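Enquirer: Here it is: the structure, laid out below.
The values are calculated or read from the model by the stated rules, or taken from the named source; none is laboratory data. The structure presented is a predicted model; accordingly, all values stated were derived computationally and were not measured. Cβ placement follows ideal geometry from the backbone for every residue including glycine, while neighbour counts extend to all protein chains displayed. Ligands, DNA and RNA are excluded from the accessible area calculation, which covers all protein heavy atoms including side chains. Shrake-Rupley method; radii C 1.70, N 1.55, O 1.52, S 1.80 Å.
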Amino acid sequence: MRRSSPSFLLVSSLGPTRRTITSVYFARWHQRLQHTTDGSHSFSATEASGEITPPLSGSSLKLPFRFETGFALFAKRTPRPFPPPFLSPPSGSFSDPLSTHHQSRDKRAFIDGELIRGWTNGDDAVYASDYFICANDGVGACLWSRLILHFWVAAMQEDIQRSRSSDHPYRPDPIRYLQQAYERTIEATSGPNNFLGTTTAAGAQLFYKTNTTNSVSSVSPLLYVTNIGDSQVMVVRPRSQEMVYKSKEQWHWFDCPKQLGTNSPDTPVDDAVLDTVELKEGDVVLAMSDGVIDNLWEHEIVDSVCRSVKHWEAGEGGQASGPRKDGANGGMTFVAQELVNAAKQIAQDPFAESPFMEHAIEEGLASEGGKLDDISVVAALCRQNTTS
């Protein structure tokens, strides 16, 4: 049900059609090309991982729980750079280098003078913080996936920072944030250049709920999951070795998920799904692009996470910055990397069995092996917030 190697679809104003290879910023609402039995993989891949957990900047909100995060990325090809004006300003004089890709240019991407949030992985984009994780899967290029992510986080931060009376406390409103991000992305990509593209979106915001029993109040973690398309949020409970939640993919038809962007009829306010999930401390929340779930079955994802946490607690998987219980203090990077490695192994095997192959055959399409794609995983451990 998802997208494939470097080929992609173009769409007319009447709707989606099967894609052909085209230039970078001309991907529209699309259906994804599948691997065939006589196809071969040719690619230049890149990998990355990390465990950056920046707080929501400027936020005075202090929650009783927080995420400890790690991420791992595998791109089927080297990510394409952002176009001007996002990457660098135009040359101001004859002495300036003419190329946006000149080594003297700042390679970071900006919009309205602000550094664009998140990380790019091929056409995917991911974000990881103390209270929010996200994995978006862009089509044709990373521009839409990264901008939707950036503005989604920005809308959330603006709402958190808004002054309120004590009788109207903050409550997450993720679909409204995503709708604002969608509208701002349309505005940012319109104009003379008219950058085209689409993206799926899957995000998880950590909050809490109050429980009152016999006049005694307590709080427990509550997760707000927002999804449109076929990226996925999953909650794994390593202590009992079970999956307690996964978001459901949304499709127009096989290999054509719901998505936000050029020529797509889908919008967050009409099509995004919001679920609330009760968490426990020690739960692992995953935000994944379809490069994972097209190549690994649900039980394989759960087994990988539980096994990685167990190995981390046993002292394996790298240097820890503190106690290793539940995968803390560096273990989430290890969890994410092991999951990416497992998905990549199937994706690069032309003879492997995979969920994508199974679903393609169910649709009467010839397919075998894994599905080469960008593979993005953000892993977040739910912990009590003891920070000052």
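Enquirer: Which of K76/K344; K310/K371; K76/K310; K76/K371; K258/K344 have a Cα-Cα distance over 21 Å?
Expert: K310/K371; K76/K310; K258/K344
Enquirer: Just the ratio, please: alpha-carbon radius of gyration of region 134-236 over 2.2 N^0.38 Å, N its number of residues.
Expert: 1.32
Enquirer: For region 228-370, give the percent of accessible area contributed by carbon and sulfur heavy atoms, probe 1.4 Å, rounded to a whole number.
Expert: 46 percent
Enquirer: To make sure I understand the rule: partners must be aspartates and glutamates, Cα under 14 Å from the Cα of K325, and not fewer than 8 residues away in the same chain. Which ones qualify?
Expert: Partners within reach: E68, E281, D283, E313, E316.
Enquirer: Same structure again: Could you do me a favour and compute the accessible area per residue for region 142-190, 1.4 Å probe, result in Å²? Walk me through the numbers on the way to the answer.
Expert: Numbers: 2030 Å² over 49 residues.
With the other protein chains kept in place, region 142-190 gives 41 Å² per residue.
Enquirer: Dimensions of region 292-366 along principal axes (Cα, Å, largest first)?
Expert: 52, 19, 13
Enquirer: So, R0 is 51 Å and r is the distance between the beta-carbons of Q161 and E358; what FRET efficiency does that work out to, to 0.05?
Expert: 0.65
Enquirer: In region 118-164, what is the volume of the convex hull around the alpha carbon atoms, normalised per residue and reported in Å³?
Expert: Given the Cα convex hull of region 118-164, per-residue volume reads 55 Å³.
Enquirer: Check the straight Cα-Cα distances from K209 and name the lysines below 19 Å, setting aside those fewer than 8 residues away within the same chain.
Expert: K62, K280
Enquirer: Then there's this: Hey, what's the Kirkwood Rh for region 195-251 if you take every pair of different alpha carbons, in angstrom?
Expert: 13.9 Å
Enquirer: Okay, moving on. Treating the Cα atoms of region 234-309 as identical point scatterers in vacuum, please give the log10 of the normalised Debye intensity I(q)/I(0) at q = 0.22 Å⁻¹, two decimals.
Expert: Result of the Debye calculation: -1.05.
Enquirer: If packing is taken as the average count of other Cβ atoms within 10 Å, what order do 311-323, 161-173 fall into, highest mean first?
Expert: My ranking of the peptides, most packed first, is 311-323, 161-173.
Enquirer: Can you give the convex hull volume per residue for the Cα atoms of region 151-208, as a whole number of Å³?
Expert: Numbers: hull volume 4.9 nm³, N = 58.
Enclosed volume per residue, from the Cα hull, is 85 Å³.
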